[in-house]
1. Considering only protein heavy atoms and a probe of 1.4 Å, how much of the accessible area of the range 269-379 is carbon and sulfur, as a whole percent?
2. So which residue, out of Gly304, Gly245, Gly321, gets the largest mean-square fluctuation from a GNM of the chain using Cα contacts under 10 Å as springs?
3. Could you provide, to the nearest whole Å², the per residue accessible area of the chain with probe 1.4 Å?
4. Using a 1.4 Å probe on the protein chains only, how many percent of the accessible area of the range 1-82 belongs to carbon and sulfur?
5. When the helices in the chain are scored as -39500 (n - 2.57) per DSSP H run of 4 or longer and the sum is shared across all residues, what 222 nm value do you end up with, to the nearest 500 deg cm²/dmol?
6. Give, in nm to one decimal, the length gained when the segment between Arg69 and Gln115 is fully stretched (0.36 nm per residue of separation minus the Cα-Cα distance).
7. Checking the a/c ratio against 1.5 first, then a/b against b/c, what shape does the Cα gyration tensor give for the range 176-242?
8. Measure nothing fancy, just the Cα-based angle from helix 51-62's long axis to the longest principal axis of the chain, in degrees from 0 to 90, nearest 10.
Amino acid sequence: YVAVDQRDVATTQARIATARQLAATSEAMLGTHLDLAQLLAVEAYRMDQDPQTRSALLQAVTASPALVRYVPVSGQVSAIAGSADGKVVVAGTDSGLVMRWEVAGGAGTKVAQLQGHIASISISAAGSVIAATDGRRAIVWTHAEGAQPVRIPLAKKPQAMAVSPSGRFIALLASTGDSAASGSVTMLDRQTGRTEQASTALVPPSALLMPSDTELLIASADGRWERRSATGLVSNVESTRSPMGVHGFAATASPNGAFFSFTNGGSTIPVWSTTKPASTSGTPDLVALSHGSDPQTIAVSRDGRRVAVADAGTIYISETGARTPGQAAQLTLSGNGSINPNGLTFLGDDNHLLSASGASLTLWDLNQLPRTNRQTRMN
């Protein structure tokens, strides 16, 4: 009887100790692995329902209320994109896999398997056409035809691809691989089968986007940009003066190509409209708050109203202003590990985001209620 009693006491003490260890581990992982933190908190509460495990459970379920869900990917994510309607997301991996998901839920669909690191991926407004390249080959995917190869100009190395909102036009930016040489942009009309090609000096690119079926935006990594017509590839806007300076990095453009931005490690993020050349004074059109001196990547919303900065796994979102950042408080989105390079973009509007951390995607909704809250209609 005494032995059984001692065994039961020892088992209870071990269970309590394990539950408290799980609770402590859950609290430590809230900022970096919220998915695991929630699972550990649930298990700790099931093992022993005391104030410490209850506290861990409540902290886990109320942390980062804007986080919608995680989407696992089969490999390190190297490129992401989202449809303009916010209903479809696509991702490419270091192993050449291209995947597509419906934001509403469900399992992902394998679009294509290329041979190397996916360097660029793009999607039409409704998510029905996808283009991707691994730096050697390029493909275009549709529901009807699946993945089809894209012809690459002779002796050229593909660097970026873009799909027009309707999916009719596909743009391919390529270089010769020689840093002193200029690149070329090729436009494919999927409706007529016609292709056009023109040279460009904006290589390597920081962005290649089609704001509409009539215009193409090319932005270089050194801060220059130009807009060209989809037919004829005639230059409409050319900004040859870079506002970045020698310390600028993380150059990016909004998903619709309307705005260009970068960081120099300062306290603010400058934003320029791409509908005109950069001002000779160097004054940006909009300004947002930054965070830290070495952010991993940044993103600008389609309307230029918000800028997201990823620093050490946390995403900071601030509103832009004409001369100074917007007055609204900076939003903080936590729960991930380090954000991948080029692994952050606004999805559909300025309230939804898509980020990539390691081998997973994260969907964010800034208007989402906390997970413990409920909303009901009133007359």
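The values are calculated or read from the model by the stated rules, or taken from the named source; none is laboratory data. Source: prediction; values computed, not measured. Backbone-built Cβ (ideal geometry, glycine too); neighbour counts: all protein chains shown. The accessibility values were calculated without ligands, DNA or RNA, using every heavy atom of the protein model including side chains. Shrake-Rupley method; radii C 1.70, N 1.55, O 1.52, S 1.80 Å.
1. Looking at the range 269-379 in its full context, I get 48 percent from C and S.
2. Of Gly304, Gly245, Gly321, the most mobile in the Gaussian network model is Gly245.
3. Spelled out: the 1.4 Å probe surface of the chain, per residue, equals 46 Å².
4. Solvent-exposed carbon and sulfur of the range 1-82 make up 58 percent of the total.
5. -4500 deg cm²/dmol
6. Additional length available on full extension: 13.6 nm.
7. Taking the square roots of the gyration eigenvalues as a ≥ b ≥ c, the range 176-242 is oblate.
8. 20 degrees
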